[in-house]
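Have a look at the structure below, then the notes.
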Amino acid sequence: MPEFRTGLIALIGRPNVGKSTLINALVGQKVSITSRKAQTTRHRVRGVLTRSDAQYVFVDTPGLQWERRSLLSDRMNAAASKLIGAVDVLGLVIDARGWRDEDEHIVRLLPPPPSPVTDGSSHVVLIVNKIDQMRDRNQLLPLIEASRDRYPFTDIVPVSAERGEQLQELLAVFRAQLPPGEPLFESDQLTDRSVRFIATELIREKAIRLLGDEIPYGLAVTIDQWTESDGRAVIGATIWVDRESHRGIVVGAGGSKLKQIGRLARLDIEQLLEKPLHLDLWVKLSARWRDDPAQMARLGYGLQE
């Protein structure tokens, strides 16, 4: 039997490169919400994959970005940056369509490559995601070669998280860098987050996907009621906005948008709970909460762990 290996693998990168989609694909179940909008991921979420020879503990981090500045975004950047030196393997995710200035900024945050002098530094694997969106895959090799000049990556792996391409190859690369050790989680555990947390995030995901580009940055969701029986669950939740003008947009004409958010969220949460769900949603104002520590704490963002 091969030696069992286990450890933490953090995926870092700018917003919208597909970190959450990649973790969900690797774990085989949705543990982190996704959308096409930046800052969808706000919390550190761990996804766990256990195999006979290894346990991979993937850490999804907020996308590192410096454009839409707020206390919330600064704390998310700090949390992601702090994680860079505290894991066994780093996976820097970029878009297969090429390097951007934000990617270069993140490279400057990477630790020195492991050596006898820098023993304990994380191995860094470059993950070139979204290869399915390349118009010409002949451009992949030049991109890989150009990437070698930016940092001494342990390996470079092109993947498509959306289509599941090259994921087994990526796992093999990760396993080779993990230290020997006992599992950190039970073999059937897929995430370190509670069902309540995941339900909250699923509601926020549906709202983000159905609303415009600006509103999602000011959205937060809290659970106000949660009751369960053997055959049914009842959840009451509030969607918070940071501008009064956004409340009507979230509700929609005759409540249509809120009903659509609730219907889509209910379907996903019912799958999560494996039982019918009655979901009530409200929309309330919490002005400028992203720059107010007290309001951030009340909405679940007090400490960006």
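The values are calculated or read from the model by the stated rules, or taken from the named source; none is laboratory data. The structure presented is a predicted model; accordingly, all values stated were derived computationally and were not measured. All Cβ positions, glycine included, derive from the backbone under ideal geometry; neighbour counts span all protein chains shown.
Only a single criterion out of (1) surrounded by 14 or more Cβ atoms within 10 Å (Cβ to Cβ); (2) at pLDDT 95 or above is not satisfied by Arg298, namely (2). Once the range 47-62 is narrowed to residues that are among the polar types (S, T, N, Q) and over 13 Å from the mean Cα position of the chain (by Cα), the residue that is farthest from Leu184 (Cα to Cα) is Ser52. Being modelled with pLDDT of 95 or more and outside the structural domain of Val48 (by TED's automatic domain parsing) is the requirement here; does Trp289 meet it? Here the answer is no, as Trp289 does not meet what is asked. Could you tell me which residue of the range 1-19 is surrounded by the most Cβ atoms within 10 Å (Cβ to Cβ), considering only residues that are hydrophobic (A, V, I, L, M, F, W, C) and at pLDDT 85 or above? Going through the qualifying residues, I end up with Leu11. Could you tell me which of the residues Tyr217, Tyr151 is among the hydroxyl-bearing types (Ser, Thr, Tyr) and assigned to a helix (DSSP H, G or I)? Just a single option satisfies the conditions, and that option is Tyr217. Determine whether Arg196 is without any contact (Cβ under 8 Å) to a residue 40 or more places away in the chain, within 18 Å of Gly47 (Cβ to Cβ) and either touching a Ser or Thr at 6+ places or on another chain (Cβ under 6 Å) or of a type in the set (D, E, K, R) (or both). Spelling it out, Arg196 is indeed without any contact (Cβ under 8 Å) to a residue 40 or more places away in the chain, within 18 Å of Gly47 (Cβ to Cβ) and either touching a Ser or Thr at 6+ places or on another chain (Cβ under 6 Å) or of a type in the set (D, E, K, R) (or both). Leu143 - would you say it is out of contact with any Phe, Trp or Tyr (no Cβ under 7 Å at 6 or more places or on another chain), of a type outside the set (Val, Ile, Thr) and either in a helix (DSSP H, G or I) or modelled with pLDDT of 95 or more (or both)? In short, yes. Residues of the range 224-249 that are of a type outside the set (A, V, I, L, M, F, W, C), modelled with pLDDT of 95 or more and under 26 Å from the mean Cα position of the chain (by Cα): Asp224, Gln225, Gly236, Thr238. Only one of Pro158, Pro183 is under 23 Å from the mean Cα position of the chain (by Cα) and outside the structural domain of Ser20 (by TED's automatic domain parsing); which? Sole residue among the options that is under 23 Å from the mean Cα position of the chain (by Cα) and outside the structural domain of Ser20 (by TED's automatic domain parsing): Pro183. Any residue that is in a helix (DSSP H, G or I) and among the small types (Gly, Ala, Ser) - is there at least one of those in the range 289-301? Among the residues of the range 289-301, at least one is in a helix (DSSP H, G or I) and among the small types (Gly, Ala, Ser), which makes the answer yes. The set of residues from the range 40-76 being polar (S, T, N, Q) and at pLDDT below 90 comprises Thr40, Thr41, Thr61, Gln65, Ser70, Ser73. The residues in the range 221-260 that are surrounded by 12 or more Cβ atoms within 10 Å (Cβ to Cβ) and in a helix (DSSP H, G or I) can be counted, and the count is 11. For the range 22-39, a residue qualifies if it is modelled with pLDDT of 85 or more and either farther than 19 Å from Leu267 by Cβ or crowded, with 23+ Cβ neighbours inside 10 Å (or both), and the qualifying residues are Leu22, Ile23, Ala25, Leu26, Val27, Gly28.
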